[in-house]
Amino acid sequence: MEQYEPDSLSKAQLAAMRRSMRNGRSALTRRGLLRAGGGGALTLGGLGALSGCGIPPAAQSQGGASAEDFSDKEKRVNFSNWTEYMDVAEDDKNRRPTLEAFTKRTGIKVEYAEDVNDNNEFFGKIKPQLAAGQDTGRDLICVTDWLAARLVRFGWAQKLDVANLPHAYANLAPQFRDVEWDPGRAYTYPWAGIAVVVAYNTKATGGREVTSVSQLLDDPKLKGKVGILSEMRDTMGMTMLDMGKDPEKFTTDDFDAAAARLQKAVDKRQIRRFTGNDYTSDLTKGDLAACLAWAGDVVQLQADNPDVKFHIPDSGYITGTDVLLVPNKARHKENAERLIDHYYQPEIAAELAAWINYVCPVAGVKEELAKISEEAANDPLIVPDKEMSEKSNNFRALTPKEETAYEAKFAKLTGA
């Protein structure tokens, strides 16, 4: 297994962190842009723990380290999540109905914190304790799949007890069941899927559909009005799919070929700019005629602007996931597992999906969601149909060496 030095980050990786915080998927809350018009300021202060904290490299053992479980004695669970990523009551934004339902059913109180603002920043918060074999103070965390893969690789995530996950085991949708970095979902379960689609504004395109990455990069009628995502995995994955390459098995040559294709589009000024969530305003106004977009954003934009459309390319699309995992030394592991399982009951999953509008990973949710919103239940960006599910692809886990090299190449491409 390749050794990774957590205290050693390349300039390209640091640039990628800053890019992600400034305008990437993590720059704004999951629904904050559309609900509140902006996100809070983030700093790199949390990254100090990654460079110069003196913590030794992680142990390279699989399986994680458990601690004495106080779940029976202490009826609580500490859960860290992203902001705007949980349902709230219509009459009281401080109330969270699905968490209240869990407490009512189990007697377990949830200490809920919205302290995940950025994957790398959050890693900086919890790394010192994990590396030292200490409790992070969190029993359950929600992070993006690539960071979860890193934690699993370091041996910093606990293997889940399937006996405490009957609904999760039975109801996990097929497209999320198996990933290269966590076979059989031994350590993680998805919270939500983040699908990358082609979006366009029919007014800006003159009524024309935009259906592929090829159109984004090559159609002269779109020149100067194309937005491409600043998240490396999403953009490179979608480009490789368009070129007939498998993002779950690609080589460095495949990556370089996709980068060269994007560079050609940059050089001929086909691409207006590389964007994070800020594409939403430009797409709505028509300043961008078409772009790569995150499905959850498109669902929200369509509610207010019927000119915004989307298409799933025939070549397929990239689905990232935010996942739940129990970190090492968590004090209430069984309670955390029961909370994971709670969200795999279709009626609970439906309440959450109706609020956050991202891809729901729970099979059988459609019928329950229809009781809340027929529109949401029939939206393939929330409940993928068979055709959409079959087109879903993951971006493979990268080694530390690959991550450094690929981020450097992508940073050069985007001008970051």
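Worth pointing out:
- Projecting label points 7 angstrom from Cα along Cα→Cβ for ALA89 and LYS73 puts them 3.3 nm apart.
- Just the protein heavy atoms count here, and of the accessible area of the stretch 254-386 at 1.4 Å, carbon and sulfur take up 45 percent.
- Rounded to the nearest 20, the size of the Cβ-charge dipole of the stretch 141-286 about its Cα centre is 620 debye, with Lys and Arg at +1 and Asp and Glu at -1.
- Percent of alpha-carbon pairs separated by more than 25 Å within the stretch 84-229: 52 percent
- Virtual paramagnetic centre 7 Å along Cα→Cβ of ALA303, amide N under 16 Å, in the stretch 374-409: 374-383
- Put simply, the amide H of GLY276, placed in the peptide plane, has neighbours under 5 Å in SER230, leaving out anything fewer than 5 places away on its chain.
- Residues with amide H under 5 Å from that of GLN158, placed H, sequence gap 5 or more: VAL326, ASN328
- Per-residue SASA remark: ARG338, around 70 Å² accessible (1.4 Å probe; ligands, DNA and RNA not included).
- Extreme residue, positive dipole direction of the stretch 273-395, given options PRO327, ALA295, ASN277 (C-beta unit charges): PRO327
- Rg over Rh for the stretch 274-401 works out to 1.02, both radii taken from alpha-carbon positions and Rh defined as the Kirkwood radius.
- Relative to the globular-protein estimate of 2.2 N^0.38 Å, the Cα radius of gyration of the stretch 297-372 stands at 1.41.
- Distance violations [Cα-Cα > 30 Å] among LYS249/LYS329; LYS225/LYS366; LYS221/LYS409; LYS93/LYS333; LYS104/LYS329; LYS159/LYS249: LYS249/LYS329; LYS225/LYS366
- Stokes-Einstein D for the stretch 154-211, Kirkwood Rh over Cα pairs, 37 °C, 0.692 mPa s (µm²/s): 224 µm²/s
- Take the stretch 94-227 with all the other protein chains still there, run a 1.4 Å probe, and you get 37 Å² of accessible area per residue.
The values are calculated or read from the model by the stated rules, or taken from the named source; none is laboratory data. Quantities reported herein were computed from a predicted structural model and do not represent experimental measurements. Heads up, the Cβs are rebuilt from the backbone with ideal geometry, glycines too, and the neighbour counts pull from every protein chain shown. Keep in mind that these areas ignore ligands, DNA and RNA; they rest on the heavy atoms of the full protein, side chains included. Shrake-Rupley method; radii C 1.70, N 1.55, O 1.52, S 1.80 Å.
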